[in-house]
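Undergrad: Could you have a look at this structure, given as structure tokens, before my questions?
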Amino acid sequence: MLEQYLPFVGLIIFGNIENLVLSSQGVVAGVNPLKLGIASFFCVAFWLLIGTLGTQTFIEYVDFIDFIGGLAIFILGAQAMIASIRGE
């Protein structure tokens, strides 16, 4: 069962790191931690559902999905770091 998810391990690991970066930005910005936690929980659950169904349906496009997902994680991380450096 877990074999089908092995091609996505990189996205899972770096996606979780990105989620931590974005959450920490929310805390630094003064967002209510309870609301941030609830919103984060729903987003993670939603992405888990999409990821599970999407993996079963589109496994033949794993290389393309990995590239697009990795690019999105990189861009979000770069935006977060740039905003952090600028003090926004």
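Undergrad: ³J(HN,Hα) across the stretch 16-28 via Karplus (A = 6.51, B = -1.76, C = 1.60, θ = phi - 60°), whole Hz, x for Gly/Pro?
TA: Result, rounded to whole Hz: 5, 4, 4, 4, 5, 4, 5, 5, 5, 5, x, 5, 4.
Undergrad: Using the heavy atoms of the protein chains alone and a 1.4 angstrom probe, what is the accessible area of the chain per residue in square angstrom?
TA: 78 Å²
Undergrad: Which value, in debye to the nearest 20, describes the size of the charge dipole of the chain about its Cα centre when Lys and Arg Cβ atoms bear +1, Asp and Glu Cβ atoms bear -1, and nothing else is charged?
TA: For the chain, the charge dipole is close to 420 debye.
Undergrad: Karplus couplings for the stretch 63-74 from phi (6.51 cos²θ - 1.76 cosθ + 1.60, θ = phi - 60°), rounded to Hz, Gly and Pro as x?
TA: Coupling constants for the stretch 63-74: 5, 5, 5, 4, 5, 5, x, x, 5, 4, 4, 4 Hz.
Undergrad: With the calculation restricted to Cα positions, what are the radius of gyration and Dmax of the chain in angstrom?
TA: 14.8, 45
Undergrad: Show me, for the stretch 43-49, the HN-Hα J-couplings you get by feeding each phi into the Karplus relation (A = 6.51, B = -1.76, C = 1.60, θ = phi - 60°), rounded to Hz, glycine and proline as x.
TA: 5, 5, 5, 4, 5, 4, 5
Undergrad: Per the helix-only calculation at 222 nm, which mean residue ellipticity applies to the chain, given -39500 (n - 2.57) for every DSSP H run of n ≥ 4 and division by its residues, nearest 500 deg cm²/dmol?
TA: -28500 deg cm²/dmol, from helical runs alone.
The values are calculated or read from the model by the stated rules, or taken from the named source; none is laboratory data. All of these numbers come straight from a predicted model, not from anything done at the bench. Cβ atoms come from the backbone with ideal geometry, glycine included; neighbour counts cover every protein chain shown. Each accessible area value is taken on the protein alone, full model and side chains, heavy atoms only, with ligands, DNA and RNA left out. Shrake-Rupley method; radii C 1.70, N 1.55, O 1.52, S 1.80 Å.
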